[in-house]
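Take a look at the structure set out below.
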Amino acid sequence: MDLAIKAAPSYAPARLVSACWFMQEGRWDLVREDLSVSTIKDTPEGRLLLELAERQPRAPDWRHAFFDAWTALGRPDFRKSTLLPVPLEWNHLISTGFTRSPDDESWRFPLAVLHLGSLEQDQQWALEQVRVSPSVPLLMALREQLYSFEEQAPLRRFLLSTVEERLGQLAGPSPRTLQLALASFLAGGPPSAPLTRQDLETLEKLVALPEWKQPPSEQFFLEMRALVSMMYAPGHHALAMATLAQGASLGSSLLRRARVSKAHLSEDEQRWMGRLFWEVGARLLDQHSRLEWETGLRLQMFGSELTQHVPSREQCIALWVELGKWEEAVKQAAYYRWPLAPLVEESCAPRARDELAWMQAFAGKGALP
């Protein structure tokens, strides 16, 4: 950054990053110096940072100072900003550099789940950890990670069946949540096998379960944040783990099998399947994260097509449109593109608690959590 500024003192992106860095350091004089450069002074980005510099020292936290500054300036649209860097992927591993007491290894398995590449050289250790793990959300997060690999990937082939077996053991003969019940229902079978009438009879019993998952995302987030507190941006990493633990691939797997099932089922059976998928989606819509809602809506959209129930389909489309508006509002503020680490880190806990309320605030529907 310093080299870029020395080589091109008026280079606006470097000045923006520099201003953000000094803002985090509380060097408000240097912040204003950076923002006074002609190439950034009158830009929407520069005006927002200047407004933030005025508000942040008096605000309770970074996120409300930013939100209030953005609102005060008329909610400018930064979706096409050429000055802001691209956002990090939600599951990006920022750093593995840390120190911990050699007597405390409680963090090691969660970190390995987050960074599966570290298991390539220690697969047997990972297998043993899976076999004794008491944590459903941690194992569900690992299952999601493994499902993101190709089917023939060595690590997936080595670990996945044991992960699913352990989840089945923890679920027992009577799973308490639909997430666990579906994990057992889908385990071991070909991913593109058509659903049979017997499968639909089994699903009929499963969708009576009232809860999607336990514990809530916020509880698992707090647990993971404490375990990875030695890492840079622990909230970012803990939120990634909590998101993985939501088990969204279960819904994708159901949809995949349903699409190849239509040719094998009668019209009545297809409508039956549609009603069951609507119920699975309803459990996901009881949750508070964007990913769970998106997965639930996909299931309900497909279900309404099969049942041919127009009001249900219209309801689903209306919710899909609303979710899209909330997402675009956050993108309009470019919240995750501003190079202000405490700003993004502060958002993790309220998003783990209720990401939908977080998004709605940017769309003008409620206060920022």
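The values are calculated or read from the model by the stated rules, or taken from the named source; none is laboratory data. Just so we're clear, the structure is a prediction, and the values are computed from it rather than from any experiment. Note: ideal-geometry Cβ built from the backbone for every residue, glycine included; neighbour counts use all protein chains shown. These accessible areas exclude ligands, DNA and RNA; they are computed on the full protein's heavy atoms, side chains included. Shrake-Rupley method; radii C 1.70, N 1.55, O 1.52, S 1.80 Å.
The lysines within cross-link reach of Lys213, meaning a Cα-to-Cα straight distance under 23 Å and a gap of 8 or more places when in the same chain, are Lys205. The calculated FRET efficiency for Lys41 paired with Val260, based on their beta-carbon distance and R0 = 45 Å, is about 0.15.
Per residue of the chain, the DSSP helices (runs of n ≥ 4 H) give a summed -39500 (n - 2.57) that works out to -20000 deg cm²/dmol at 222 nm. In this calculation the C-beta distance from Ala363 to Glu54 is compared with R0 = 22 Å, giving a FRET efficiency of 0.30. Amide hydrogen proximity for Trp212: with H placed 1.01 Å from N in the peptide plane, the residues at 5 or more positions away or on another chain lying under 5 Å are Leu178.
Computed from backbone phi with θ = phi - 60° and the Karplus coefficients 6.51, -1.76 and 1.60, the 3J(HN,Hα) list for segment 223-232 is 5, 5, 4, 5, 6, 9, 5, 7, 8, 5 Hz; x is used for glycine and proline. Taking a straight line from the alpha carbon of Lys80, these lysines sit under 25 Å away, with near neighbours fewer than eight places off in the same chain left out: Lys41, Lys325, Lys331, Lys365. For the peptides 135-141, 332-338, the ranking by mean Cβ contacts within 10 Å, running from highest to lowest, is 135-141, 332-338. Accessible area of Tyr11 (1.4 Å probe, protein heavy atoms only, ligands and nucleic acids ignored): about 120 Å². A simple count of charges around Gly324, restricted to other residues whose Cβ falls under 14 Å of its Cβ and scoring Lys, Arg +1 and Asp, Glu -1, yields +2.
Using a simple spin-label model with pseudo-atoms 7 Å out from Cα toward Cβ, Ala72 and Trp90 lie 3.1 nm apart.
Largest accessible area first, the listed residues Ile40, Ile94 line up as Ile94, Ile40 when surface is computed with a 1.4 Å probe on the assembled protein chains. From most to least packed by mean Cβ count within 10 Å, the peptides 19-25, 192-198 give 19-25, 192-198.
From the alpha carbon centroid of segment 201-261 to that of segment 335-355 is 19 Å. Model label points for His115 and Glu33, set 7 angstrom from Cα along the Cα-to-Cβ axis, are 3.6 nm apart. For segment 273-369, the C-alpha radius of gyration divided by 2.2 N^0.38 Å, with N the number of residues, is 1.22. Count Lys and Arg as plus one, Asp and Glu as minus one, and take only other residues whose Cβ is under 12 Å from that of His64; the net charge is then 0. When only Cα pairs below 8 angstrom with a gap of at least 6 residues are kept, segment 183-272 shows a relative contact order of 48 percent. Within the set (1) 1.15; (2) 0.94; (3) 1.03, the number that Rg/Rh (Cα atoms, Kirkwood Rh) takes when calculated for this structure is listed as (3). Among the GluC sites (Glu not before Pro) in segment 196-240, those located in a DSSP loop and surrounded by at most 15 other Cβ atoms within 10 Å of their own Cβ are Glu211.
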